[in-house]
Amino acid sequence: MRLQSRGLLDVTAKYPEIGNIGEAVNANAAVLDGELVCFGDDQRPSFEALQRHTTQAVLHIFDVLAINGNNTVELPYEQRRDLLVNVIDAAPNWLVPAHKIGDGRSLLAATAAHGMEGVMAKRLGSPYLVGRRSSSWRKVKNRREVELTIGGFTAGTGNRAGTLGALLVGLRHDDGLHFAGGVGTGFDQSTLEMLHRRLLTLRSPDCPFHQP
């Protein structure tokens, strides 16, 4: 078994709880695509929980690219889905998420009611496009607004070296500022530089968040 990130890094050792997934694969070899999820205290998927990795990750497998050396990416989505369900046996640390054909609005509304991010909509008959985005797959998000306070920032790397990587934001509660995550997208270069200059003047040795 080998786990590879979207950035092509080997992350096998980082998630030992997925290590025996090979025993659940009903083939000599298979290439699977999925997303690692950790759940927060509210039992909802949490990116922060995944970063901390204080609870065991669960691999949600949503596609199969090859079985026993046979490429499956050109097959229609529904055929790949049938193959996937049969090639992997679910266990506590991996599963094939349920799917629903039609009535996507009701499913999206259900995710909103449970405070979840949204749904992935996939066109029936669509192939799997390796290494690039597909207009046949759409992430449909529940848009919510919340007022947050900037508590800090991370240093930028790569083409953001010398500015900031992400703003660290928090939600105010009676007992202080609770960390709510990082915001790293939506900034042009001039905004990054302006924010970085302003934030540098506000640096403090004390962490503003309720829990460091």
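Worth a mention:
- Residue list for the range 141-158, restricted to those being charged (D, E, K, R) and touching an Asp or Glu at 6+ places or on another chain (Cβ under 9 Å): 141
- Residue pairs whose Cβ atoms lie under 6 Å apart, separated by 6 or more positions or on different chains, with the first residue in the range 132-157 and modelled with pLDDT of 85 or more and the second in a loop (DSSP other than H, G, I, E, B) and hydroxyl-bearing (Ser, Thr, Tyr), are 136/126; 156/163.
- When each of 85, 73, 96 is tested for being open to solvent by 30 Å² or more (accessible area, probe 1.4 Å), hydrophobic (A, V, I, L, M, F, W, C), in contact with a Leu (Cβ under 8 Å, 6 or more places away or on another chain) and over 30 Å from residue 211 (Cα atoms), the lone residue that passes is 96.
- Any chance residue 188 is acidic (Asp, Glu) and within 26 Å of residue 44 (Cα to Cα): no
- Restricting the range 115-153 to residues that are open to solvent by 90 Å² or more (accessible area, probe 1.4 Å) and touching a Lys or Arg at 6+ places or on another chain (Cβ under 7 Å), the residue that is nearest to residue 169 (Cα to Cα): 117
- Any hit, the range 142-165, residues being assigned to a loop (DSSP other than H, G, I, E, B) and closer than 20 Å to residue 99 by Cα: yes
- Within the range 35-54, if we keep just the residues that are of a type in the set (A, V, I, L, M, F, W, C) and in a helix (DSSP H, G or I), the residue that is most open to solvent (accessible area, probe 1.4 Å) turns out to be 47.
- Total residues in the range 11-34, condition under 22 Å from residue 50 (Cα atoms) and open to solvent by 90 Å² or more (accessible area, probe 1.4 Å): 3
The values are calculated or read from the model by the stated rules, or taken from the named source; none is laboratory data. Just so we're clear, the structure is a prediction, and the values are computed from it rather than from any experiment. When we count neighbours, we look across all protein chains shown, and the Cβ atoms used for this are built from the backbone with ideal geometry, even at glycine. Surface accessibility is based on the protein's heavy atoms, side chains included, excluding ligands, DNA and RNA. Shrake-Rupley method; radii C 1.70, N 1.55, O 1.52, S 1.80 Å.
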